[in-house]
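The values are calculated or read from the model by the stated rules, or taken from the named source; none is laboratory data. From a predicted model like this one, the values you see are computed outputs, not experimental measurements. Methodologically, a virtual Cβ is constructed for each residue, glycine included, from the backbone with ideal geometry; neighbour enumeration extends over all protein chains shown.
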Amino acid sequence: MTSQPERMTHRILIATSNPGKLRDFTGAAAAHGITIAGIPRFSSLPPVVEDGDTFEQNARKKAESYSRAVPGELVLADDSGLEIDALSGAPGVHSARYAAEQPHAAECNTDDEANNARVLRELTGVPAEQRTARFVCVLAAGRDGQTVRTFRGTAEGLILNAPRGTHGFGYDPMFFFPQIGKTFAELSAAEKANYSHRGAAFRAFLQWYRQTQI
């Protein structure tokens, strides 16, 4: 009887059309022999309404929905955002839509620069030592409509008074990481992966993935 070959999948599909997120995941995966790819014809799939109260709820919802489009494949979906202590944790799960008049009801993401501008307006007059914040990322690994596991990563930093750097996306130009004295927008994708919330969550996923190879 011919034995079945060992199943070794080194391609991970990411449920996103955001080129910044794809760059982040590619940078985090580069040193581990894993190829990152988007889901084929992702733009033609019905969009998932991200109406969860937490990052994990939204990540799980996306992983379960989008994994149905690629039967048998492992799909990673993330929900991530910025929590600012002086704003009681805002923009939080509404980070991508924060510039909208009603972020919780907005159907589309708003422009990065507009989101950044709103944060800066709301932090006007807040001293540097009180501008503490963190990026949060929750990754959900899904297959055939089920969440297999979730992974969480965070990065602690400060919000600057003005953007710095030309790389990254979202709130990266304003997020200063004291450990290296730079904003995330001043780092390449590979460098950012060493410090970012998304890199931390992805490393947790990789540790699990190597052990399970589901």
Residue check, residue 26 among the hydroxyl-bearing types (Ser, Thr, Tyr) and either at pLDDT 90 or above or assigned to a loop (DSSP other than H, G, I, E, B) (or both): no
Unmet criterion (only one of (1) under 27 Å from residue 72 (Cβ atoms); (2) in a helix (DSSP H, G or I)) for residue 192: (1)
Among residues of the range 7-39, those that are hydroxyl-bearing (Ser, Thr, Tyr) and more than 15 Å from the chain's Cα centre (by Cα), counted: 2
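Considering every residue within the range 130-150, establish whether at least one is assigned to a loop (DSSP other than H, G, I, E, B), of a type outside the set (A, V, I, L, M), over 20 Å from residue 60 (Cβ atoms) and without any contact (Cβ under 8 Å) to a residue 24 or more places away in the chain. First the steps, then the outcome.
If we filter the range 130-150 for residues that are assigned to a loop (DSSP other than H, G, I, E, B), which is where we start, we get 131, 144-145.
Filter again for of a type outside the set (A, V, I, L, M), leaving 131, 144-145.
From what is left, the residues that are over 20 Å from residue 60 (Cβ atoms) are 131.
When the remaining residues are screened for being without any contact (Cβ under 8 Å) to a residue 24 or more places away in the chain, the result is none.
The answer is no, given that none of the residues of the range 130-150 is assigned to a loop (DSSP other than H, G, I, E, B), of a type outside the set (A, V, I, L, M), over 20 Å from residue 60 (Cβ atoms) and without any contact (Cβ under 8 Å) to a residue 24 or more places away in the chain.
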Meets criteria (among the polar types (S, T, N, Q) and in contact with a Pro (Cβ under 7 Å, 6 or more places away or on another chain)) for residue 183: yes
Which listed residue is at positive phi and either surrounded by 22 or more Cβ atoms within 10 Å (Cβ to Cβ) or among the β-branched types (Val, Ile, Thr) (or both), from 165, 181, 170: 170
In the range 180-214, the residues that are touching a helix residue (DSSP H, G or I) at 6+ places or on another chain (Cβ under 6 Å) and among the charged types (D, E, K, R): 192, 198
The range 158-176: number of residues that are in contact (Cβ under 8 Å) with a residue 40 or more places away in the chain and in contact with a Gly (Cβ under 6 Å, 6 or more places away or on another chain): 3
Residue in the range 91-121 that is farthest from residue 148 (Cα to Cα), counting only those that are hydrophobic (A, V, I, L, M, F, W, C) and either touching a Cys at 6+ places or on another chain (Cβ under 8 Å) or free of Cβ contacts under 8 Å to residues at least 24 places away in the same chain (or both): 117
Pair list, Cβ under 7 Å, 6 or more apart: the range 177-196 residue within 16 Å of residue 132 (Cβ to Cβ), other residue assigned to a helix (DSSP H, G or I) and at pLDDT 95 or above: 177/184; 183/172; 183/173; 183/174; 184/172
Some residue of the range 54-61 being surrounded by fewer than 19 Cβ atoms within 10 Å (Cβ to Cβ), β-branched (Val, Ile, Thr) and either touching a His at 6+ places or on another chain (Cβ under 6 Å) or over 22 Å from residue 197 (Cβ atoms) (or both): no
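I'm trying to understand the selection: among the residues of the range 172-189, which are outside any loop (DSSP other than H, G, I, E, B) and of a type in the set (S, T, N, Q)? Even if it seems obvious, please write down each step before you answer.
First, pick out the residues of the range 172-189 that are outside any loop (DSSP other than H, G, I, E, B): 172-177, 182-186, 189.
Within the range 172-189, 183 is the sole residue that qualifies.
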